[in-house]
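Engineer: My questions will all concern the structure given below.
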């Protein structure tokens, strides 16, 4: 690949998990340097585990902020087999040059949603509440930190071999999610000029709480993705590696 003055980057935070028989919107942000890049055109293809295109080079909606979207109709996936091995491929045209990007994907039955909001952080640390008497940050809310922490939790599960869409107990991540979000908020505060060293200590304390909460995690699992927890009654842990494959 040739060395470019400014590379074209796309923002992807994880695999595309497409819920079967449900409208699913693929979204991709395109940047050139630190600024959003607006393609003249873009298309997307989606391939199932058998390498057949269920979406074949369809045009995407291009927004002024460089966000590309395409809605996969529910009927497109209704007859497909759930599982891993899917992929999404993009063709993005900028300045007359076509840039190709791909991402791994899977067809799933259910998503795993977070159970934490900014309000949970304010219950834990009232000084973060922007509506409080003396908030210690300038943010009107802290949802970006909550979302970023959740993305990191999902990535960590995948890296350990756990398909997070098969986890049946979303509530088990509450404590680790809150602690990780708080650690990142205090990391942000400590970076300000003249910030007290106590903020760095707080960031480290919440990281330790996150690690401890993570090590205590157990959850039920739906190995065959039928919407029900495994019948063995066992709870899995984040310290266990699951070897997964298609039958």
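The rows are residues; the columns are (1) at pLDDT 95 or above; (2) within 20 Å of the chain's Cα centre (by Cα).
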site: 141; (1), (2): no, yes
site: 152; (1), (2): yes, yes
site: 171; (1), (2): yes, yes
site: 180; (1), (2): yes, yes
site: 190; (1), (2): no, no
site: 197; (1), (2): no, no
site: 212; (1), (2): yes, no
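Engineer: Test residue 38 against the criterion of being on the phi < 0 side of the Ramachandran plot and touching a strand residue (DSSP E or B) at 6+ places or on another chain (Cβ under 6 Å), and give yes or no. Show your work before the answer.
Structural biologist: Values: on the phi < 0 side of the Ramachandran plot: yes; touching a strand residue (DSSP E or B) at 6+ places or on another chain (Cβ under 6 Å): no.
No: the conditions fail for residue 38.
Engineer: State whether the residues of segment 108-119 include one that is at pLDDT 95 or above, more than 17 Å from the chain's Cα centre (by Cα) and within 30 Å of residue 134 (Cβ to Cβ).
Structural biologist: Looking through segment 108-119, at least one residue is at pLDDT 95 or above, more than 17 Å from the chain's Cα centre (by Cα) and within 30 Å of residue 134 (Cβ to Cβ).
Engineer: For segment 19-31, give me each residue that is crowded, with 18+ Cβ neighbours inside 10 Å and more than 21 Å from residue 163 (Cα to Cα).
Structural biologist: 28, 30, listed by residue number.
Engineer: So which residues in segment 98-131 are part of a strand (DSSP E or B) and in contact with a helix residue (DSSP H, G or I) (Cβ under 9 Å, 6 or more places away or on another chain), if there are any at all?
Structural biologist: Of segment 98-131, the ones part of a strand (DSSP E or B) are 98-108.
106, 107, 108 - these are the residues of segment 98-131 that are part of a strand (DSSP E or B) and in contact with a helix residue (DSSP H, G or I) (Cβ under 9 Å, 6 or more places away or on another chain).
Engineer: Moving on. It is to be established whether one or more residues within segment 88-97 are outside any loop (DSSP other than H, G, I, E, B), surrounded by fewer than 14 Cβ atoms within 10 Å (Cβ to Cβ), at pLDDT below 95 and not assigned by TED's automatic domain parsing to the domain that holds residue 227. Outline the logic, then answer.
Structural biologist: Step one: filter segment 88-97 for residues outside any loop (DSSP other than H, G, I, E, B), giving 88-94, 97.
The next check asks that each one be surrounded by fewer than 14 Cβ atoms within 10 Å (Cβ to Cβ); those that pass are 97.
Next cut, at pLDDT below 95 only: 97.
Next cut, not assigned by TED's automatic domain parsing to the domain that holds residue 227 only: 97.
Within segment 88-97, one or more residues are outside any loop (DSSP other than H, G, I, E, B), surrounded by fewer than 14 Cβ atoms within 10 Å (Cβ to Cβ), at pLDDT below 95 and not assigned by TED's automatic domain parsing to the domain that holds residue 227.
Engineer: Considering 29, 7, 70, which residue is at pLDDT below 95 and closer than 30 Å to residue 173 by Cβ?
Structural biologist: Numbers: 7 fails: closer than 30 Å to residue 173 by Cβ; 70 fails: at pLDDT below 95.
When all the criteria are applied, what remains is 29.
The values are calculated or read from the model by the stated rules, or taken from the named source; none is laboratory data. These numbers come from a predicted model, not from an experiment. No Cβ is skipped: glycine too gets one built from the backbone with ideal geometry, and neighbour counts run over all protein chains shown.
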